[in-house]
Amino acid sequence: MFFYIFFVFLLLLTAYCGTKIYIADFRRRIIPDVYLFPLLLTGLVLTTFYQWPISISDAIIGGVFGYTISTVIGLIFDWRTQKNSKNIAPIGMGDIKLITAGGIWLGTSGLATTLIIACILGTIWGRRHHQRFIPFAPFFLIGAILTLIAMTILL
């Protein structure tokens, strides 16, 4: 009984952190670590101790893969913006940690699907609102929820 209550608590904590990340990135273009680290930890706990669509090994590989890929992309953008000091780097450390959390929650294949959905949704939103900078976290979270639902239904 306690096992299931703790499961619901973890899901509610995740929903709370996701909502706070969503709002913070839209308003201030920053993703606070105070909400990212519980997201990382709950993902590790859920994939380790509960029936989850991915295994713990795929979660760890997904987290490492997400961190590596997003760090390389962030460094490329950072190097590009250092040449021209007027530009601001479009990807920050919060985005990198969020993608790492997505890799832990969804594994490698789920992370790839989520990134594709997030990029498509972000591009549509940016073009529609004529925005130069697009907050990535809200679209990543929407993509992650859609991917998790699809993984749960298909598995």
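The values are calculated or read from the model by the stated rules, or taken from the named source; none is laboratory data. Note that the structure is predicted; figures quoted are calculated from it, not measured. FYI the Cβ positions are ideal-geometry reconstructions off the backbone, even for glycines, and counts take in every protein chain you see.
Yes or no: Thr113 buried (at least 23 other Cβ atoms within 10 Å of the Cβ) and either more than 20 Å from Val64 (Cβ to Cβ) or among the β-branched types (Val, Ile, Thr) (or both)? No. When Tyr22, Tyr16 are screened for being assigned to a helix (DSSP H, G or I), modelled with pLDDT of 90 or more and either of a type in the set (Asp, Glu) or surrounded by fewer than 19 Cβ atoms within 10 Å (Cβ to Cβ) (or both), only Tyr16 passes. The residues on offer are Leu46, Leu13, Leu36, and the sole one that is more than 30 Å from Pro90 (Cβ to Cβ) and either in contact with a Pro (Cβ under 6 Å, 6 or more places away or on another chain) or aliphatic (A, V, I, L, M) (or both) is Leu46. Scanning segment 61-76 for residues that are surrounded by fewer than 16 Cβ atoms within 10 Å (Cβ to Cβ) and either among the hydrophobic types (A, V, I, L, M, F, W, C) or not in a helix (DSSP H, G or I) (or both) yields Val64, Val72, Ile73, Leu75, Ile76.
Take the conditions outside any helix (DSSP H, G or I), among the aliphatic types (A, V, I, L, M) and either in contact (Cβ under 8 Å) with a residue 24 or more places away in the chain or crowded, with 20+ Cβ neighbours inside 10 Å (or both) and apply them to Ile30. Does it pass?
So Ile30 passes the test.
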